[in-house]
Amino acid sequence: YYYNKYDDIQRALTASVALGSKSVTRNAANATIQGIEAEARFEPTPWLELTGYYSYIKARFKSFVVAPDISLSGASIGDFTAAKFSGVPSARGGATIPVHSELPGDKGRVAATLDYYGQTGTYMQDNNVIANTSTPIASDYIPGYWLLGANITWTNVMGKPFDISADVRNLNKKVY
């Protein structure tokens, strides 16, 4: 478990300008970030391991009011206290299943791993609500996703200081 309290935390805002948008940094006043993390590992045989992890994060602004500024548009000022921290999923976790074996005659070691990672959705910017209504900006939200990956590795190939490895990410072909 962890708990962090911030005063005068700085956050990035996306502000509209004549030809698009720009990123500016402003003090967001007060915020707290707390959560739990857990990891587990189980090795039922000498050749098989099972590992997993989980993280729950509660990141909240206690006060996030942006005063009028010559460099910001009207949509970038106001009370963003109801906004969500950008890039911070409320939950994420994963698991791996590695199997491994020594090859006979000092020919190296072969290992194969299947891994899973998943997370809840996040926002792309910190001013992700309409300031005067606290309504979330839907176009700024990235939905949660999960990915499946695999790896196979041969270390000390034929007893030499040479390794071969192949990785495949996103076996489930998830667009995110």
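The values are calculated or read from the model by the stated rules, or taken from the named source; none is laboratory data. Predicted model, so just to flag it, every value in this text is computed and none were measured. Please note: Cβ atoms are built from the backbone with ideal geometry, for glycine as well, and neighbour counts cover all protein chains shown.
Which residue pairs have Cβ atoms closer than 7 Å, lie 6 or more positions apart in sequence or on different chains, and pair a first residue in the range 30-55 that is free of Cβ contacts under 8 Å to residues at least 12 places away in the same chain and on the phi < 0 side of the Ramachandran plot with a second residue that is surrounded by 13 or more Cβ atoms within 10 Å (Cβ to Cβ) and not basic (Lys, Arg)? If the second residue must be surrounded by 13 or more Cβ atoms within 10 Å (Cβ to Cβ) and not basic (Lys, Arg), the pairs left are ARG41/GLU49; ARG41/THR51; PHE42/LEU50; GLU43/GLU49.
Hey, could you check the range 72-96 for residues that are out of contact with any Phe, Trp or Tyr (no Cβ under 9 Å at 6 or more places or on another chain) and among the aliphatic types (A, V, I, L, M) and say which is surrounded by the fewest Cβ atoms within 10 Å (Cβ to Cβ)? Lay out the reasoning, then the answer.
If we filter the range 72-96 for residues that are out of contact with any Phe, Trp or Tyr (no Cβ under 9 Å at 6 or more places or on another chain), which is where we start, we get 72-78, 89.
Next, from what is left, pick out any that are among the aliphatic types (A, V, I, L, M): 72, 75, 77.
Values: LEU72: 20, ALA75: 16, ILE77: 18.
For the range 72-96, the residue satisfying everything is ALA75.
Those strands (runs of 3 or more DSSP E) of the range 18-116 in which at least 2 residues are at pLDDT 95 or above and not aromatic (Phe, Trp, Tyr), considering only elements entirely within it, cover 30-45, 48-63, 91-102. When the range 31-56 is filtered for residues that are in contact with a Ser or Thr (Cβ under 6 Å, 6 or more places away or on another chain), surrounded by 13 or more Cβ atoms within 10 Å (Cβ to Cβ) and under 24 Å from ALA111 (Cβ atoms), only THR51 remains. Please determine, by comparing only the residues of the range 125-138 that are assigned to a strand (DSSP E or B) and β-branched (Val, Ile, Thr), which one is surrounded by the most Cβ atoms within 10 Å (Cβ to Cβ). Step by step, filter the range 125-138, then rank; the result is VAL129. Residues in the range 162-176 that are surrounded by 11 or more Cβ atoms within 10 Å (Cβ to Cβ), part of a loop (DSSP other than H, G, I, E, B) and either at positive phi or of a type in the set (Val, Ile, Thr) (or both): ASN170 only.
Somewhere in the range 139-152, is a residue free of Cβ contacts under 8 Å to residues at least 24 places away in the same chain, exposed (fewer than 15 other Cβ atoms within 10 Å of the Cβ) and out of contact with any strand residue (DSSP E or B) (no Cβ under 7 Å at 6 or more places or on another chain)? Break it down stepwise before answering.
Step one: list which residues in the range 139-152 are free of Cβ contacts under 8 Å to residues at least 24 places away in the same chain, which gives 139-141.
In the following step, the residues that additionally are exposed (fewer than 15 other Cβ atoms within 10 Å of the Cβ) were identified as 139, 141.
From the residues that got through so far, the ones that are out of contact with any strand residue (DSSP E or B) (no Cβ under 7 Å at 6 or more places or on another chain) too are 139.
Taking every residue of the range 139-152 in turn, at least one turns out to be free of Cβ contacts under 8 Å to residues at least 24 places away in the same chain, exposed (fewer than 15 other Cβ atoms within 10 Å of the Cβ) and out of contact with any strand residue (DSSP E or B) (no Cβ under 7 Å at 6 or more places or on another chain).
Please verify whether GLY159 is surrounded by 13 or more Cβ atoms within 10 Å (Cβ to Cβ) and at pLDDT 90 or above, treating the condition exactly as stated. For GLY159, the condition - surrounded by 13 or more Cβ atoms within 10 Å (Cβ to Cβ) and at pLDDT 90 or above - is not met.
Table: residues versus (1) within 14 Å of the chain's Cα centre (by Cα); (2) not β-branched (Val, Ile, Thr).
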residue: ARG60; (1), (2): no, yes
residue: VAL65; (1), (2): no, no
residue: ALA82; (1), (2): no, yes
residue: SER86; (1), (2): yes, yes
residue: GLY94; (1), (2): yes, yes
residue: LEU103; (1), (2): no, yes
residue: VAL110; (1), (2): no, no
residue: THR113; (1), (2): no, no
residue: THR122; (1), (2): yes, no
